[in-house]
Amino acid sequence: MPRGRCLQPLLRRPRGCAASQGTATTRTVTQEEGMEQLNVDAPWVIFQLKNEKYAVSTLEVQTMVAMPEVTAVPHLPSWCRGVINLRGRITPLIDLRQRLGMESFLASINELHATMRQREEDHRNWLAELERSIAEDRPFTLATDPHKCAFGRWYDAYQPRTYTEEQFLKKFDAPHRKIHAIAEKVLSLAAQGEHDKAAALINETRDGALAEMIRLFEQFRRMIDETRRSEIALVVERGGPDFAAALAVDGIDSVELLEAETIAPLSAAMQQGKDTVVRYSAQRRKSKEIVYLLDTTALLAITPASTAAA
């Protein structure tokens, strides 16, 4: 998606949403003392941060664009990535992941890319070490269980970000198991003095299952690189243009109504790591998935003076 491309059509009001001259109805949810009321009849923009869903009211969203070029600015908080230019308006960009204590989106993408390159190298080295152990008549000490090598442990624990990614990662399973399965066969052949057959099996695996793994690693790294371009700048405003900021989010999921009856303060356990900018959660109507609601009053802590300095 080109930088700065507008996603504004997503903000069209869903069917069944109450409307009156472009404003939502005033039905509210009771909040803790000192907190302003949540308007629950307006739709919410649901977006992704890591493996969680968050939401901000459409009443506070000005626009959504593919991430434009970011200009770094010194002396801002670490979670303020810099500023972006939106049709001539200079707007601070909050890295919402970092604001909530998470690893930044770009850092997580870079780390995953580097991890996949290392896991590819691990399997090249695994087969080479199996070959050397036979040639030098010494024990083979690397993992023969596909669940116990570094990639296997990562694969079992990783939570795919999308359905497409989930389906792609399943392609690793067969060649990965096949590579580890040859260790016992190769060692058995070598113990029986069948070194030629052991070497032939290693070469067959190098040209077959390992080559397939390498191809999949290359494809997955390209998918990871494509993910860099999925980040969205979600521009929110509260109380006028001087109190506005763009939020860097992983991607937009939908614009929809939430069940008012499910909106409730976060428990102490759920509050951990959410800071004061997330104090409520709700459930989606169809999936019943938990969504965390942003408190934009707390979030827009970048003051007019800070914005001017930026």
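The values are calculated or read from the model by the stated rules, or taken from the named source; none is laboratory data. A quick note: this is a predicted structure, and the numbers were derived from the prediction, not measured. Don't worry about glycine lacking a Cβ; one is built from the backbone with ideal geometry, like all the others, and counts go over all protein chains shown.
Among the residues making up the stretch 149-206, those that are surrounded by 15 or more Cβ atoms within 10 Å (Cβ to Cβ) and of a type in the set (Ser, Thr, Tyr) are 155, 205. Can you give me the number of residues within the stretch 118-166 that are assigned to a loop (DSSP other than H, G, I, E, B) and among the aromatic types (Phe, Trp, Tyr)? Adding up the residues that qualify gives 2. Consider the stretch 272-283 and keep the residues that are of a type outside the set (Gly, Ala, Ser) and in contact with a helix residue (DSSP H, G or I) (Cβ under 9 Å, 6 or more places away or on another chain). The one that is modelled with the highest pLDDT is 283.
Would it be correct to say that residue 144 is closer than 22 Å to residue 64 by Cβ, surrounded by 13 or more Cβ atoms within 10 Å (Cβ to Cβ) and not assigned by TED's automatic domain parsing to the domain that holds residue 253?
No, not satisfied.
List the strands (runs of 3 or more DSSP E) inside the stretch 5-90, counting only whole elements, that have at least 3 residues being modelled with pLDDT of 85 or more and hydrophobic (A, V, I, L, M, F, W, C).
Ranges flagged: 44-49, 61-66, 80-86.
Filtering 61, 73, 83 for residues that are over 24 Å from the mean Cα position of the chain (by Cα), outside the structural domain of residue 202 (by TED's automatic domain parsing) and β-branched (Val, Ile, Thr) leaves a single hit, 73. Tell me, yes or no, whether the stretch 244-261 has at least one residue that is small (Gly, Ala, Ser), in a helix (DSSP H, G or I) and assigned by TED's automatic domain parsing to the domain that holds residue 165. No.
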